[in-house]
Amino acid sequence: MTRISIMLAAALVIAPGCSKKAGDKPAGDDKAATGQKAAADDKAAIGSKPAAGGAVKLPKLGLALDAPGEITVGDAMVGEGHMLQGGGIGAMSVEIASTPQTLDEAKEDAKSYTPQNLKADALPDGWALTFDNKGGAGTNYWVDVRRTIDGKLYKCTTTGGDAGQAAAVLAACKSLRKG
(Lines give C-alpha, C1' and ligand atoms only; values in the text may rest on other atoms or scores of the structure.)
Protein backbone atom coordinates (compact mmCIF):
# COMPACT_ATOMS: atom_id res chain seq x y z
CA MET A 1 0.00 0.00 0.00
CA THR A 2 2.77 2.42 0.92
CA ARG A 3 4.67 1.66 -2.29
CA ILE A 4 1.57 2.45 -4.39
CA SER A 5 1.00 5.65 -2.40
CA ILE A 6 4.58 6.76 -3.02
CA MET A 7 4.32 6.04 -6.77
CA LEU A 8 0.98 7.88 -7.02
CA ALA A 9 2.32 10.80 -4.99
CA ALA A 10 5.39 11.07 -7.22
CA ALA A 11 3.23 10.95 -10.34
CA LEU A 12 0.91 13.67 -9.04
CA VAL A 13 3.82 15.93 -8.11
CA ILE A 14 5.62 15.41 -11.42
CA ALA A 15 2.57 15.45 -13.77
CA PRO A 16 1.67 19.15 -13.39
CA GLY A 17 5.25 20.11 -14.22
CA CYS A 18 5.32 18.20 -17.49
CA SER A 19 5.44 20.53 -20.46
CA LYS A 20 2.97 20.31 -23.27
CA LYS A 21 4.28 20.30 -26.83
CA ALA A 22 2.52 21.72 -29.87
CA GLY A 23 0.04 19.17 -31.14
CA ASP A 24 -0.31 17.32 -27.83
CA LYS A 25 -3.84 16.26 -27.02
CA PRO A 26 -5.50 16.79 -23.63
CA ALA A 27 -5.04 14.06 -21.02
CA GLY A 28 -7.23 11.04 -21.70
CA ASP A 29 -7.33 11.57 -25.45
CA ASP A 30 -5.02 8.59 -26.08
CA LYS A 31 -8.03 6.38 -26.93
CA ALA A 32 -8.25 8.08 -30.32
CA ALA A 33 -4.56 7.40 -30.95
CA THR A 34 -4.99 3.69 -30.27
CA GLY A 35 -8.09 3.46 -32.43
CA GLN A 36 -10.43 2.72 -29.56
CA LYS A 37 -13.74 4.51 -29.64
CA ALA A 38 -14.71 6.36 -26.45
CA ALA A 39 -18.30 6.60 -25.33
CA ALA A 40 -20.07 9.82 -26.28
CA ASP A 41 -20.09 11.04 -22.67
CA ASP A 42 -16.39 10.24 -22.29
CA LYS A 43 -15.52 12.19 -25.43
CA ALA A 44 -17.58 15.18 -24.29
CA ALA A 45 -16.02 15.30 -20.81
CA ILE A 46 -12.39 14.32 -21.43
CA GLY A 47 -10.45 17.51 -21.88
CA SER A 48 -13.48 19.62 -21.06
CA LYS A 49 -12.89 23.00 -19.44
CA PRO A 50 -15.79 24.26 -17.29
CA ALA A 51 -16.20 27.84 -16.16
CA ALA A 52 -14.56 28.86 -12.89
CA GLY A 53 -16.21 27.19 -9.93
CA GLY A 54 -18.22 24.91 -12.17
CA ALA A 55 -19.32 21.32 -11.86
CA VAL A 56 -16.88 18.85 -13.40
CA LYS A 57 -18.30 15.59 -14.73
CA LEU A 58 -16.42 12.33 -14.21
CA PRO A 59 -18.04 10.15 -16.91
CA LYS A 60 -16.24 6.87 -16.16
CA LEU A 61 -17.54 7.00 -12.60
CA GLY A 62 -20.94 8.61 -13.15
CA LEU A 63 -19.97 11.32 -10.64
CA ALA A 64 -19.39 15.05 -10.55
CA LEU A 65 -17.57 17.46 -8.27
CA ASP A 66 -17.03 21.19 -7.95
CA ALA A 67 -13.58 22.60 -8.68
CA PRO A 68 -12.20 26.08 -9.31
CA GLY A 69 -10.93 27.26 -12.68
CA GLU A 70 -10.46 25.35 -15.88
CA ILE A 71 -10.12 21.61 -15.34
CA THR A 72 -8.87 18.97 -17.75
CA VAL A 73 -10.31 15.51 -17.09
CA GLY A 74 -8.27 12.51 -18.20
CA ASP A 75 -7.87 8.85 -17.41
CA ALA A 76 -6.56 7.79 -14.00
CA MET A 77 -2.91 6.76 -13.88
CA VAL A 78 -3.77 3.79 -11.66
CA GLY A 79 -7.14 2.11 -11.25
CA GLU A 80 -10.52 2.94 -12.71
CA GLY A 81 -11.29 6.64 -12.62
CA HIS A 82 -9.97 10.05 -13.63
CA MET A 83 -7.04 12.38 -13.17
CA LEU A 84 -7.99 16.05 -13.09
CA GLN A 85 -5.58 18.92 -13.72
CA GLY A 86 -5.99 22.66 -13.49
CA GLY A 87 -4.45 25.76 -11.99
CA GLY A 88 -6.77 25.83 -8.99
CA ILE A 89 -6.19 22.20 -8.02
CA GLY A 90 -2.85 21.22 -9.55
CA ALA A 91 -3.47 17.52 -10.15
CA MET A 92 -5.80 15.15 -8.34
CA SER A 93 -7.29 11.72 -8.89
CA VAL A 94 -10.73 10.26 -8.28
CA GLU A 95 -10.92 6.48 -8.50
CA ILE A 96 -12.85 3.47 -7.34
CA ALA A 97 -11.04 2.34 -4.20
CA SER A 98 -9.67 -1.16 -4.68
CA THR A 99 -9.72 -1.93 -0.95
CA PRO A 100 -11.55 -0.34 1.95
CA GLN A 101 -9.46 1.63 4.43
CA THR A 102 -10.47 3.04 7.78
CA LEU A 103 -9.46 6.49 8.94
CA ASP A 104 -7.24 4.90 11.60
CA GLU A 105 -5.48 2.81 8.93
CA ALA A 106 -4.94 5.93 6.82
CA LYS A 107 -3.45 7.77 9.81
CA GLU A 108 -1.13 4.82 10.40
CA ASP A 109 -0.04 4.85 6.72
CA ALA A 110 0.60 8.60 6.95
CA LYS A 111 3.13 8.05 9.75
CA SER A 112 5.65 6.83 7.17
CA TYR A 113 5.72 10.39 5.76
CA THR A 114 6.41 12.09 9.12
CA PRO A 115 3.19 14.11 8.90
CA GLN A 116 2.79 17.61 10.29
CA ASN A 117 -0.53 19.40 10.81
CA LEU A 118 -2.44 16.10 10.50
CA LYS A 119 -6.19 16.67 10.37
CA ALA A 120 -8.68 13.81 10.25
CA ASP A 121 -12.39 14.39 9.68
CA ALA A 122 -15.24 11.92 9.72
CA LEU A 123 -17.72 12.55 6.91
CA PRO A 124 -21.31 11.24 6.79
CA ASP A 125 -20.26 8.80 4.04
CA GLY A 126 -16.53 8.39 4.69
CA TRP A 127 -13.54 10.38 5.91
CA ALA A 128 -10.94 13.00 4.97
CA LEU A 129 -7.28 13.10 5.98
CA THR A 130 -4.91 16.00 5.30
CA PHE A 131 -1.35 16.68 6.35
CA ASP A 132 1.88 18.18 5.16
CA ASN A 133 5.48 17.03 5.33
CA LYS A 134 8.92 18.23 4.35
CA GLY A 135 10.66 16.50 1.47
CA GLY A 136 13.65 17.00 -0.77
CA ALA A 137 11.64 19.39 -2.98
CA GLY A 138 10.15 21.35 -0.06
CA THR A 139 6.77 21.09 1.64
CA ASN A 140 4.26 18.56 0.31
CA TYR A 141 0.52 18.82 1.01
CA TRP A 142 -1.44 15.56 1.13
CA VAL A 143 -5.19 15.03 0.75
CA ASP A 144 -6.79 11.59 1.03
CA VAL A 145 -10.59 11.34 1.04
CA ARG A 146 -12.75 8.20 0.98
CA ARG A 147 -16.44 8.43 0.16
CA THR A 148 -19.15 5.81 -0.32
CA ILE A 149 -21.66 6.90 -2.96
CA ASP A 150 -24.44 4.58 -4.12
CA GLY A 151 -22.73 1.67 -2.38
CA LYS A 152 -19.38 2.15 -4.14
CA LEU A 153 -16.22 3.27 -2.38
CA TYR A 154 -14.24 6.08 -4.03
CA LYS A 155 -10.90 7.63 -3.18
CA CYS A 156 -10.07 11.21 -4.02
CA THR A 157 -6.42 12.21 -3.55
CA THR A 158 -3.61 14.62 -4.27
CA THR A 159 -0.08 15.38 -3.19
CA GLY A 160 1.42 18.68 -4.22
CA GLY A 161 3.50 21.63 -3.23
CA ASP A 162 0.77 24.27 -2.87
CA ALA A 163 -1.40 24.62 0.25
CA GLY A 164 -4.14 26.51 -1.63
CA GLN A 165 -4.44 23.80 -4.26
CA ALA A 166 -4.61 21.14 -1.54
CA ALA A 167 -7.45 23.05 0.16
CA ALA A 168 -9.27 23.28 -3.20
CA VAL A 169 -8.83 19.52 -3.73
CA LEU A 170 -10.22 18.81 -0.26
CA ALA A 171 -13.29 20.93 -1.03
CA ALA A 172 -13.68 19.23 -4.43
CA CYS A 173 -13.46 15.77 -2.85
CA LYS A 174 -16.08 16.72 -0.28
CA SER A 175 -18.39 17.92 -3.11
CA LEU A 176 -18.16 14.55 -4.91
CA ARG A 177 -21.66 13.34 -5.86
CA LYS A 178 -23.69 11.41 -8.43
CA GLY A 179 -23.45 13.27 -11.66
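The values are calculated or read from the model by the stated rules, or taken from the named source; none is laboratory data. For clarity, every value in this text was computed on a predicted model and none was experimentally measured. Positions of Cβ are generated from backbone atoms using ideal geometry, with glycine treated the same way; all protein chains shown enter the neighbour counts.
Take VAL73 and decide whether it is at pLDDT 80 or above and in contact with a His (Cβ under 6 Å, 6 or more places away or on another chain).
Against the criterion (at pLDDT 80 or above and in contact with a His (Cβ under 6 Å, 6 or more places away or on another chain)), VAL73 qualifies.
Sort out which residues of the range 123-153 are of a type in the set (A, V, I, L, M) and over 19 Å from the mean Cα position of the chain (by Cα), and write them in order of number.
Within the range 123-153, just ALA137 meets the criteria.
Taking the range 89-107 on its own, how many of its residues are of a type in the set (Gly, Ala, Ser) and either within 15 Å of ALA64 (Cα to Cα) or more than 17 Å from the chain's Cα centre (by Cα) (or both)?
Here the count works out to 1.
Would you point out which residue out of ALA106, ALA91, ALA76 is without any contact (Cβ under 8 Å) to a residue 40 or more places away in the chain and of a type in the set (A, V, I, L, M, F, W, C)?
Answer to the selection: ALA76.
Limited to the range 80-106, what total is found for residues that are of a type outside the set (A, V, I, L, M), in contact with a strand residue (DSSP E or B) (Cβ under 7 Å, 6 or more places away or on another chain) and crowded, with 16+ Cβ neighbours inside 10 Å?
Number satisfying all stated conditions: 8.
Could you please find all residues in the range 165-176 being outside any helix (DSSP H, G or I) and crowded, with 17+ Cβ neighbours inside 10 Å?
Once the filter is applied, which keeps residues that are outside any helix (DSSP H, G or I) and crowded, with 17+ Cβ neighbours inside 10 Å, the range 165-176 yields only LEU176.
Here are some residues: LEU84, LEU61, LEU118, LEU65. Which one is modelled with pLDDT of 95 or more, assigned to a loop (DSSP other than H, G, I, E, B) and of a type in the set (A, V, I, L, M)?
LEU61
Anything in the range 132-164 that is within 16 Å of PRO115 (Cβ to Cβ), in a strand (DSSP E or B) and in contact (Cβ under 8 Å) with a residue 60 or more places away in the chain? List them, or say none. Show your work before the answer.
First, pick out the residues of the range 132-164 that are within 16 Å of PRO115 (Cβ to Cβ): 132-135, 138-145, 157-161, 163.
From the residues that got through so far, the ones that are in a strand (DSSP E or B) too are 132-135, 138-145, 157-160.
Once the filter is applied, which keeps residues that are within 16 Å of PRO115 (Cβ to Cβ), in a strand (DSSP E or B) and in contact (Cβ under 8 Å) with a residue 60 or more places away in the chain, the range 132-164 yields ASN140, TRP142, THR157, THR158, THR159, GLY160.
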